[in-house]
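Scroll down for the structure; my scribbles are underneath it.
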Ligand SMILES: [Zn+2]
(Lines give C-alpha, C1' and ligand atoms only; values in the text may rest on other atoms or scores of the structure.)
Protein backbone atom coordinates (compact mmCIF):
# COMPACT_ATOMS: atom_id res chain seq x y z
CA UNK A 1 0.00 0.00 0.00
CA UNK A 2 1.35 3.36 -1.00
CA UNK A 3 2.24 5.70 1.83
CA UNK A 4 0.73 9.12 2.03
CA UNK A 5 3.14 11.78 0.80
CA UNK A 6 3.29 15.48 1.40
CA UNK A 7 5.82 18.20 0.71
CA UNK A 8 7.23 20.78 3.09
CA UNK A 9 9.39 23.82 2.62
CA UNK A 10 12.66 23.91 4.54
CA UNK A 11 15.79 26.03 4.51
CA UNK A 12 17.14 23.54 1.93
CA UNK A 13 14.12 23.81 -0.30
CA UNK A 14 11.07 21.65 -0.85
CA UNK A 15 11.41 18.10 0.43
CA UNK A 16 9.22 15.04 0.29
CA UNK A 17 7.67 13.63 3.46
CA UNK A 18 6.20 10.15 3.74
CA UNK A 19 3.73 9.39 6.51
CA UNK A 20 4.45 5.99 8.06
CA UNK A 21 2.19 3.99 10.29
CA UNK A 22 3.77 2.10 13.15
CA UNK A 23 3.77 -1.15 11.17
CA UNK A 24 5.72 0.49 8.37
CA UNK A 25 8.70 0.91 10.69
CA UNK A 26 8.94 -2.83 11.34
CA UNK A 27 10.32 -3.34 7.85
CA UNK A 28 12.94 -0.69 8.62
CA UNK A 29 14.32 -2.61 11.61
CA UNK A 30 16.71 -4.60 9.41
CA UNK A 31 18.48 -1.38 8.49
CA UNK A 32 18.50 0.31 11.89
CA UNK A 33 18.21 -2.09 14.84
CA UNK A 34 15.64 -0.83 17.29
CA UNK A 35 14.84 -2.70 20.52
CA UNK A 36 11.23 -3.90 20.80
CA UNK A 37 9.19 -2.01 18.30
CA UNK A 38 10.11 1.45 19.37
CA UNK A 39 10.41 4.20 16.79
CA UNK A 40 13.10 6.80 17.42
CA UNK A 41 13.50 10.23 15.89
CA UNK A 42 16.47 10.23 13.46
CA UNK A 43 17.28 13.79 14.48
CA UNK A 44 17.12 13.85 18.30
CA UNK A 45 16.61 10.15 19.16
CA UNK A 46 13.43 10.89 21.06
CA UNK A 47 10.88 8.11 21.09
CA UNK A 48 8.01 8.72 18.71
CA UNK A 49 4.58 7.83 19.96
CA UNK A 50 2.39 9.53 17.41
CA UNK A 51 1.42 7.84 14.17
CA UNK A 52 1.44 8.24 11.30
CA UNK A 53 4.94 9.69 11.61
CA UNK A 54 6.53 12.10 9.13
CA UNK A 55 9.56 10.47 7.43
CA UNK A 56 11.64 13.04 5.55
CA UNK A 57 12.90 11.88 2.14
CA UNK A 58 11.37 8.53 3.06
CA UNK A 59 14.40 7.76 5.24
CA UNK A 60 14.51 10.08 8.26
CA UNK A 61 11.78 9.71 10.87
CA UNK A 62 11.11 12.95 12.71
CA UNK A 63 9.36 13.54 16.01
CA UNK A 64 6.76 16.29 16.12
CA UNK A 65 9.26 18.80 17.49
CA UNK A 66 11.92 18.15 14.84
CA UNK A 67 9.31 18.00 12.08
CA UNK A 68 8.09 21.46 13.01
CA UNK A 69 11.66 22.68 13.53
CA UNK A 70 12.82 21.63 10.06
CA UNK A 71 10.12 23.63 8.34
CA UNK A 72 11.41 27.03 7.39
CA UNK A 73 9.40 28.38 4.51
CA UNK A 74 11.17 31.06 2.51
CA UNK A 75 9.37 34.36 2.19
CA UNK A 76 6.41 33.09 4.16
CA UNK A 77 4.56 31.76 1.12
CA UNK A 78 2.88 28.44 1.64
CA UNK A 79 2.86 26.28 -1.48
CA UNK A 80 1.14 23.39 0.18
CA UNK A 81 -1.03 21.42 -2.25
CA UNK A 82 -3.83 19.38 -0.78
ZN1 LIG B 1 13.26 14.71 17.18
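The values are calculated or read from the model by the stated rules, or taken from the named source; none is laboratory data. Predicted, not measured: the structure shown is a model, and the values here were computed from it. Note that each Cβ is placed from the backbone with ideal geometry, even for glycine, and that neighbours are counted across all protein chains shown.
Table for the structure above
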read-out	value
Scope segment 49-65; condition within 8 Å of the ligand (Cβ to nearest atom) and crowded, with 19+ Cβ neighbours inside 10 Å; matching residues	62, 63
Residue selected from segment 29-45 under the condition farther than 20 Å from residue 72 by Cβ and within 16 Å of the ligand (Cβ to nearest atom), by the criterion modelled with the lowest pLDDT	34
